[in-house]
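A short write-up of the structure that comes next.
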């Protein structure tokens, strides 16, 4: 039986040289040596700071000299072996919000779970009219209640969950048109 790895944090990386590719980075162990999954492939990563922005990054016992400079809140310039990359990082919640905003422009909101948890309470029913910011349901995750709100006006067309129902990351909760 394959060991299930507990994910401590998930990020999505967009590298400017690969505009159509998004890399899923999951931290599964955060100690002196970090264990990460990049698109499902596991790596052991260690690093040492050699200056203000110079890092010695050791990936699976292979050293790489990397210069890392933050250029914006979640954007970095990375120089590795003379090649320059710009990397934008987004956490799960920010990524889900961005996906909701994109769907609003299409006239349809597909509300998905931003993280695994339990839907504590669904506030709306099919056919209800909602306004931007209206609470739709409460998701309990990591012992915190998170209110999921409408990101635009519309009518609730479909609801895929009920009270006290478990959801996984990106499970459909409801559709609003």
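Any read-out appearing in this document is the output of simple, stated calculations on the displayed coordinates, not a laboratory observation. The structure presented is a predicted model; accordingly, all values stated were derived computationally and were not measured. Note: ideal-geometry Cβ built from the backbone for every residue, glycine included; neighbour counts use all protein chains shown.
Some points to look at:
- Volume per residue for region 48-177 equals 151 cubic angstrom (convex hull of Cα atoms).
- GNM result for the chain, Cα springs below 10 Å: residue of 136, 37, 84 fluctuating most strongly: 84
- Between the Cα long axis of helix 92-105 and the first principal axis of the chain there is an angle of about 50°, rounded to the nearest 10.
- Note on residue 169 and residue 81: with the Förster distance fixed at 35 Å, the Cβ-Cβ geometry gives a FRET efficiency of about 0.55.
- Stretched out straight at 0.36 nm per residue, the stretch from residue 177 to residue 28 would grow longer than its current Cα-Cα span by 49.9 nm.
- Among 110, 132, 159, residue whose mean-square fluctuation peaks in a GNM of the chain (springs only between Cα atoms under 10 Å): 132
- Dividing the alpha-carbon radius of gyration of region 9-72 by the rule-of-thumb value 2.2 N^0.38 Å gives 1.19.
- 222 nm mean residue ellipticity, helices alone, for the chain (DSSP H n ≥ 4; -39,500 (n - 2.57); rounded to 500): -2500 deg cm²/dmol
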